[in-house]
Each structure stands twice: as C-alpha cells, then as structure tokens.
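Visitor: One structure coming up, written as structure tokens, with questions to follow.
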Amino acid sequence: MRAVVYREYGVRPTLGEVPEPACPEDGAVISVGATGVCRSDWHAWKGHDPVPLPHIPGHELAGTIAQTGPAVTRWRPGDRVTVPFACGCGRCEYCRAGDAQVCPDQTQPGFTGPGSFAELVALHAADTNLVALPDAVDLVTAASLGCRFATAYRALTGHARLRPGEWLAVHGCGGVGLSAVHIGAALGARVIAVDVAAPALDRARELGAEHAILSATNTDPAPVIRDITGGGAQVSLDALGSPGTLGNSVRSLRRRGRHVQVGLLLGPAAAPPVPMDLVIAQELEIYGSHGMAARDYPAMLAQIADGTLRPARLVGSVIGLEQAGAALAAMDGPGAAAGMTVIEL
Ligand SMILES: [Zn+2]
Ligand SMILES: [Zn+2]
C-alpha cells in the first residue's frame, strides 16, 4: 500500500510502498478516506514526542472498514467510521465506564503505532473505539473532528458545562482554540478570543468571537476580560498550553468560574504554577481535558448533521497524499489562521 513515512526525526517524510497492516484480533483495518494534518504529528516528526522509527504519521482519520478481527461484534466491512485519537484497550475499568480517553493502556494511531497517512491503518479494540458516521457527515469533515474539534467540544460541554449566554474566554487561537471559538458561539456563549497574532484573531471573529484581544500589545488580557464581562468569564480555556496562558485563563474567570486546560504542557512547562489562592477564594473549578471517547461522539455528530456545528468552516485546504510530507514540514511556523489541512485519499 502507499504510505507517507519518515525514517529520521526532522527529515522530510516521503510517499512510498509499505506492507499492509495486519488486522488485530479485536480490531479493524480501515481504508482511509481522509486524514488531518495536526500539530501533534509535527511535534512527533520533530522528535518532541518520541515515536517508533520508521514511522507513518496521522491520527485524525475517517474511512471505511476494510477488515474486522474475529473478536469484533459491532462492526462489519463497509461501515463508515471515525475514531478518537486516544483509543482505549476496551477491557479496563475506564474503558468499561466509557472513559477510553484516560485508558492507561491506550493506543494512538500515528504515535504508539503506524498512523493514517496511508491507504490502510489498523486500529485496536474496534468495539470500544470506532464511531459510526451519519450519512450527512462526509469523510473530509469527519477527519477534522478526531483531535482538535472533539477535544474543544468535550472541554466546553463535558467539563465546563457551557450554557447559552455565558462568557467564554479562549486563550490561544490555533486549531483547538478556533474550534472552541466556533463551538462556543454555536452553543450560544459570548466568546472572547485572545492570541498574539492578528490573523488568528481575524479568523476567531469570523468564527463567532464577539471580542478579540491581541495579547502581544496588551500583555495581560485578564483584566481586559474581567472588564468586558463585568467580573470575569464563566468559562475560560487555555487552548495553547503555557504557564502564561494558564495563569491568564484562571485570572480571567468570574467567581465560581470553570477553567479547562486543553493545550498540552510539555517539557519544562509540564508543571506550571497555578494561582491556587484565587481558586480557593473564588471557588474556581480546574479541569484537564484529554480528547473525547467514542461514547461521547454521537451527541456531537448529531449537532454537526443538523448544522448547529460546522467543522468544515475550520478546514483550510484539502490535499493529496503526495503533498502530505510537505504539509507536515510546512507547520514550522504558526499559520493556524490558514485553517486545517486535510489529506483526501
Ligand atoms: Zn482501557
Ligand atoms: Zn491532533
């Protein structure tokens, strides 16, 4: 089969022929119809997040089942499916409770094993992890959901319990931040977007942000947000992942507000200080969010199928598999304002 492969970190991935994946006993082989290019793929390619080499990237995918293992009961070849980026083992207490996103034995296509920049990809525990796609959701749109969009959706609905009319502050308008801006506005919240780049804020306004704060010129957005909202936002997200944006997000909350940490805190930033004095005095809630399990997809897909949510608005370009290596390498700069790149096979 054709697949995009890199053999060393930071060396341009190439398109070539590789052996087809074997189907796991409890898993499925998916014929990939579309797959997103994500910053996490770029981090792995750069060596920030070690992966087995040589490696096929790709973790945001949608396609058609080509083969199922003998232990699979819910799926058959030909079914149109997508999958969360974190796939549960299907056996532990967390998977059995529907929380595969925190499974201690999770697998991640494109990280723990070969990913979806390929004609075929093997997935484990199909009965736990696969998600059926409604006919109204095309494969390119579905491929844009698995990571950034689903993560933002669950952060706002599952953790923050965002309600219409509430103020939502989004710190960092990359892929997940812009998804949060769109979803927040679509769910009836009043959205304030914060970023250091003006083009990202322009996109945030187009996607429904009522206010946009350029934090490069205004180094502390928190007092501005408290001022705009008359006391702070009910919900605030750190969609970037840095000690600075985490602190800004917590300090922009209203009393009893909810902060959700969505941006990954890696390396030296892994254990940043949190203003716990405010958390106590104002009874703030702090959540960490790690994707979304298959169990929670149907509600989101229903809102996509009925047009409430429009993830296709976040897709910037659709390319072929032969352009995937160049697209991954091109993520060296910020560029999220240009929208998400999806590979269509
Ligand atoms: Zn598990
Ligand atoms: Zn991703």
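Visitor: Which of the numbered conditions does Asp227 fail, given that it passes all the others? Conditions: (1) at pLDDT 95 or above; (2) surrounded by fewer than 17 Cβ atoms within 10 Å (Cβ to Cβ); (3) in contact with a Leu (Cβ under 8 Å, 6 or more places away or on another chain).
Guide: Of the numbered conditions (1) at pLDDT 95 or above; (2) surrounded by fewer than 17 Cβ atoms within 10 Å (Cβ to Cβ); (3) in contact with a Leu (Cβ under 8 Å, 6 or more places away or on another chain), the odd one out for Asp227 is (3).
Visitor: Here's a follow-up. So how many residues does segment 78-96 have that are in a loop (DSSP other than H, G, I, E, B) and either near ligand 1 (Cβ under 9 Å from one of its atoms) or closer than 15 Å to Asp127 by Cβ (or both)?
Guide: Start the filter on segment 78-96 by keeping residues that are in a loop (DSSP other than H, G, I, E, B), which leaves 78-79, 83-86, 88-92.
Still in the running and either near ligand 1 (Cβ under 9 Å from one of its atoms) or closer than 15 Å to Asp127 by Cβ (or both): 79, 83-84, 88-92.
Total meeting the criteria: 8.
Visitor: Of the residues in segment 184-198, how many are farther than 17 Å from Thr157 by Cβ and open to solvent by less than 40 Å² (accessible area, probe 1.4 Å)? I'd like the intermediate steps shown before the answer.
Guide: Going residue by residue through segment 184-198, those that are farther than 17 Å from Thr157 by Cβ are 192-198.
Pick out the ones that are also open to solvent by less than 40 Å² (accessible area, probe 1.4 Å) and you get 192-195, 197.
Number of matching residues: 5.
Visitor: For residues that are farther than 28 Å from Leu321 by Cβ, surrounded by fewer than 22 Cβ atoms within 10 Å (Cβ to Cβ) and in contact (Cβ under 8 Å) with a residue 12 or more places away in the chain, tally how many sit in segment 92-123.
Guide: Residues flagged as farther than 28 Å from Leu321 by Cβ, surrounded by fewer than 22 Cβ atoms within 10 Å (Cβ to Cβ) and in contact (Cβ under 8 Å) with a residue 12 or more places away in the chain within segment 92-123 amount to 6.
Visitor: Let me ask something additional. Would you please list the contacts, defined by Cβ atoms under 6 Å and residues six or more apart or on different chains, that run from a residue in segment 244-271 that is over 14 Å from Cys173 (Cα atoms) to a residue that is open to solvent by 10 Å² or more (accessible area, probe 1.4 Å) and part of a helix (DSSP H, G or I)?
Guide: Val260/His159; Ala269/Pro243
Visitor: Out of curiosity, is Val72 hydrophobic (A, V, I, L, M, F, W, C) and away from ligand 1 (no atom under 16 Å from the Cβ)? Write out each step before concluding.
Guide: Details: hydrophobic (A, V, I, L, M, F, W, C): yes; away from ligand 1 (no atom under 16 Å from the Cβ): yes.
Considered against the rule, which asks whether it is hydrophobic (A, V, I, L, M, F, W, C) and away from ligand 1 (no atom under 16 Å from the Cβ), Val72 comes out as yes.
Visitor: In segment 227-284, how many are of a type in the set (A, V, I, L, M) and part of a loop (DSSP other than H, G, I, E, B)?
Guide: First, pick out the residues of segment 227-284 that are of a type in the set (A, V, I, L, M): 228, 233, 235, 237, 239-240, 246, 250, 253, 260, 262, 264-266, 269-271, 274, 276, 278-281, 284.
Checking the rest, the ones that are also part of a loop (DSSP other than H, G, I, E, B) come to 239-240, 262, 264-266, 270-271, 274, 284.
Qualifying residue count for the region: 10.
Visitor: Can I ask one more? Checking the condition touching a strand residue (DSSP E or B) at 6+ places or on another chain (Cβ under 6 Å), in contact (Cβ under 8 Å) with a residue 60 or more places away in the chain and either outside any loop (DSSP other than H, G, I, E, B) or open to solvent by 40 Å² or more (accessible area, probe 1.4 Å) (or both), which residue from Val170, Val181 passes? I'd like the intermediate steps shown before the answer.
Guide: On the way: Val181 fails: in contact (Cβ under 8 Å) with a residue 60 or more places away in the chain.
Testing whether each residue is touching a strand residue (DSSP E or B) at 6+ places or on another chain (Cβ under 6 Å), in contact (Cβ under 8 Å) with a residue 60 or more places away in the chain and either outside any loop (DSSP other than H, G, I, E, B) or open to solvent by 40 Å² or more (accessible area, probe 1.4 Å) (or both) leaves just Val170.
The values are calculated or read from the model by the stated rules, or taken from the named source; none is laboratory data. Everything numeric in this text was worked out from a predicted model, so none of it was measured. Here the Cβ is made from the backbone with ideal geometry for all residues, glycine too, and neighbour counts use every protein chain on show. SASA here: full protein model, heavy atoms, side chains in, ligands and nucleic acids out. Shrake-Rupley method; radii C 1.70, N 1.55, O 1.52, S 1.80 Å.
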